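Only one structure is covered here, and it is reproduced in the block below.
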Amino acid sequence: MKRYALVDLDGTITDPRPGIIGAYRHALMEMGLEAPPEEELLWVIGPPLRQSFPKLGVAEPHVEAALGHYRAFYSAGAMFNAPVYAGMPEAFAALRAAGVTLIVATSKPHVMARPILAHFGLDGHFHAIHGAELDGRNDDKGDLLAHIMAEEGVDPAEAVMIGDRKFDILAARRHGIANIGVLWGYGGEAELTEAGADRLCATPHELATMVLAKN
């Protein structure tokens, strides 16, 4: 059993698709660009915004402006359009009961992650909620994990990273942290396997058992 579980937010705890895609489409239209259909934007769920906007046609000098449009729309209410995956609250309760310290590790700015978790009544499960800064610091998941380990005194040998995208797995491997790739989010089995996931979890209902296993 690991003492610490570092948990991604988007695509792991909540399904942020409606809010995030809506905010991206709004930002692109505000920038005078064509907004792709929703199905063509699913890849943006996970990586930092500053990495995604240039791939959508926003010129580098205008990325911060696009980011401003996104955040204005998102913080006005779209961020709460992200239902919690069934079984996650129960998984968190089981892990806490077993003595596991839960910490959120999200590339989303922590100033947005905290109210989202509070909105859904999940914030009480977590010892700490860590995310990126609005200025881009800790956008990179590996940098974020380094920050969390320093701030919270987490021994990488006593931790497991739980997430749905390759960014979660690669960041964990960078620091020698065990990891679990979850299959109900936006990465999928192929992406997570290629990234080197230690284990794959098919449903939230299996998560606590997997984290508490000795291996």
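Using packing as a proxy for protection, rank 149-155, 135-141 so that the peptide with the highest average count of other Cβ atoms within 10 Å comes first.
The most tightly packed comes first, giving 135-141, 149-155.
GNM, the chain, Cα, under 10 Å: largest mean-square fluctuation among 40, 64, 189?
Comparing 40, 64, 189 in the GNM, the peak value goes to 40.
Cross-chain or 8 or more residues apart, Cα under 16 Å: how many lysine pairs in the chain fit that? Count them up, please.
Lysine pairs, 8 or more places apart or on different chains, close enough: 4.
Return the long-range amide H neighbours of residue 182 (sequence gap of 5 or more, or a different chain), with a cut-off of under 5 Å between placed amide H atoms.
Those qualifying (amide H under 5 Å, at least 5 residues apart or on another chain) are 163, 164, 201.
Relative contact order of the chain: what whole-number percent is it, with Cα pairs under 8 angstrom and at least 6 residues apart?
26
Count charges around residue 127 for me, please; just the other residues with Cβ under 14 Å from its Cβ, Lys/Arg as +1, Asp/Glu as -1.
Net charge in that neighbourhood comes out at 0.
Report the full-extension gain for the segment residue 203 to residue 158: residue separation times 0.36 nm, less the Cα-Cα distance, to one decimal in nm.
13.9 nm
Work through the residues other than residue 101 whose Cβ is under 10 Å from its Cβ and net out their charges, Lys, Arg +1 and Asp, Glu -1.
Charge balance near residue 101 sits at +1.
Could you order peptides 77-88, 43-54 by the average number of other Cβ atoms within 10 Å of their residues, highest first?
Per-residue Cβ counts within 10 Å, averaged per peptide and sorted highest first, yield 43-54, 77-88.
Using alpha carbons only, how many degrees (0 to 90, rounded to 10) separate the axis of helix 110-119 from the longest principal axis of the chain?
The angle comes out at about 70 degrees.
For the chain, give the share of DSSP beta bridges that are antiparallel, in percent and rounded to the nearest 5; count only bridges with both residues there.
5
Please determine, in degrees from 0 to 90 and to the nearest 10, the orientation of helix 63-75 with respect to the longest principal axis defined by the Cα atoms of the chain, where the helix direction is its Cα long axis.
70
Explain nothing, just compute: Karplus ³J(HN,Hα) = 6.51 cos²θ - 1.76 cosθ + 1.60, θ = phi - 60°, for every residue of the stretch 55-62 in order, whole Hz, x for Gly and Pro.
Here the 3J(HN,Hα) series is 6, 9, x, 7, 5, 3, x, 10 Hz.
Using Cβ contacts closer than 10 Å as the measure, can you line up 211, 182 from fewest to most?
Going from sparsest to densest Cβ surroundings: 211, 182.
Using only Cα atoms, find the angle between the long axis of helix 88-97 and the longest principal axis of the chain, and express it within 0 to 90 degrees, rounded to the nearest 10.
40
Bear in mind these aren't lab numbers, they're just calculated from the coordinates by the rules spelled out. Worth saying up front: this structure is predicted, and the values here are computed from it rather than measured. So basically every Cβ, Gly included, is an ideal-geometry build from the backbone, and we count neighbours across all protein chains shown.
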